[in-house]
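Below: the structure, in structure tokens.
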Amino acid sequence: MAGAGQNERVSSPRDVVLLGSTGSIGTQAIDIVRANPDRFRVVGLGAGGGNVDLLAAQALQLGVDVVAVAKASAAQDLQLAFYAEASTRGYATGDYRLPKIIAGPEAMAELATWPADVVLNGVVGSLGLPATLAALHAGRTVALANKESLVAGGPLVRAAARPGQLVPVDSEHTALAQCLRAGAAEEVRRLVVTASGGPFRGRRRDELGDVTVTEAMAHPTWDMGPVITINSATLVNKGLEVIEAHELFQIPYDRIDVVVHPQSVLHSMVEFVDGSTIAQASPPDMRLPISLALAWPERVPEATAAVDWTSVHTWQLEPLDDEAFPAVALAKQAGRAGRCRPAIYNAANEECVAAFAAGRLPFLGIVDTVSEVLGRAPDLAEPGTVEEVLAAEAWARARARDIIEAGYGLRRGETEE
């Protein structure tokens, strides 16, 4: 896909539906839209329903046609929030247009089919999978920031997506998509996904036994939510990204590598058969991948600041320590096995992260327990429906809880005092 010239303007704004508008991805996407009104127009917003005040403010500010909340009981709260926001803005009764409200478990999937050019799916969790499939079946371009769509539902998404219909939002996959423009598919030798290394980079496994939640939450580069931040500390997030890269670009797992790059400026690389490696470099700022996903294959001028090439830079690249951080190797194992194993990997990890955050599981127990859950997985088929994915996830969560409740430390050969 050939990109437009840097200063070329599109003929009319792209209509955008934002799913997960009150989260980090959604709020940054709105900033991009507001800065580029000639490029984008938001026509629909969707959120879980936990922050109806922000959702109402976004909707009235953008003048959207429709708003969806996944929590059915939030519909009335959202209606009241609209009136409160309108009053704050000084609107007299009847001086503003209320958008249509869709509420309930199917709201996100329904909104994903709303007339639009692009659906940005920033929903967190498996709730995002039906919305991705609905948008694809409706012919929308999907800017995908929902990991579960590809990790848990990869076979379903592959079957639904046409070439070029799925555009990644994660910084690593955006980088790979840009680097892949440098050559034909048959010229690609391997994908190289970069990892910051998280807060425990350089530690050995025997130095991670007493890690606290506070320490695990101290990410050196990115400001993220608790689950993603802890996933970065265990490197489960990189395992998930390897699965996503495989699903997005159809490169075998043995040709996808992970290297540690603590500065988070080189976002990923593609090695070609002639020995060339093309890397994408930019400061760690999600506005660039979000803007590129919304405008793909075009670029949005001044989306973010570029690297200052007049300054001195020192960038490190280090091999991944698979003994201390086995999550990536485990993810590849799950991906190769298929048959809902990636969904099981992800769901079991979410249960383990919650247990670690609650003080019921040690840090090393997160990936160890995920590995044990995978080892107990039944002989499932490749998922053919969303319900089959959800069933596999439910099984994984239940098994993870059983293992945690049985006492992780005792099962690993420790003795009671």
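Remarks
- Pick from the range 365-389, criterion in contact with a Lys or Arg (Cβ under 7 Å, 6 or more places away or on another chain) and crowded, with 16+ Cβ neighbours inside 10 Å, ranking: nearest to D210 (Cα to Cα): V373
- Residues of the range 67-94 classified as in contact with a Pro (Cβ under 9 Å, 6 or more places away or on another chain) and surrounded by 20 or more Cβ atoms within 10 Å (Cβ to Cβ), total: 3
- The set of residues in the range 49-98 that are small (G, A, S) and either in contact (Cβ under 8 Å) with a residue 60 or more places away in the chain or assigned to a loop (DSSP other than H, G, I, E, B) (or both) comprises G49, G50, G63, A70, A72, S73, G90, A92, G94.
- Flag if I251 is in a helix (DSSP H, G or I) and buried (at least 17 other Cβ atoms within 10 Å of the Cβ): no
- Subset of the range 21-43 (residues that are small (G, A, S) and within 20 Å of the chain's Cα centre (by Cα)): S21, G23, S24, G26, A29
- Across the range 341-353, a minimum of one residue is classified as crowded, with 19+ Cβ neighbours inside 10 Å and free of Cβ contacts under 8 Å to residues at least 40 places away in the same chain.
- Number of positions in the range 354-385 that are among the β-branched types (V, I, T) and without any contact (Cβ under 8 Å) to a residue 60 or more places away in the chain: 2
- Matching entry among V259, V270 (being out of contact with any helix residue (DSSP H, G or I) (no Cβ under 7 Å at 6 or more places or on another chain), surrounded by 17 or more Cβ atoms within 10 Å (Cβ to Cβ) and in a strand (DSSP E or B)): V259
- Residues in the range 213-233 that are over 15 Å from the mean Cα position of the chain (by Cα) and in contact (Cβ under 8 Å) with a residue 40 or more places away in the chain: V213, A216, P220, T221, A233.
Quick note: the coordinates plus some simple rules give every number you see, no bench work behind them. Only a predicted model underlies this, so the values are computations on that prediction, with no experimental measurement involved. Cβ coordinates were reconstructed from backbone atoms using ideal geometry, including for glycine residues, and neighbour counts include every protein chain displayed.
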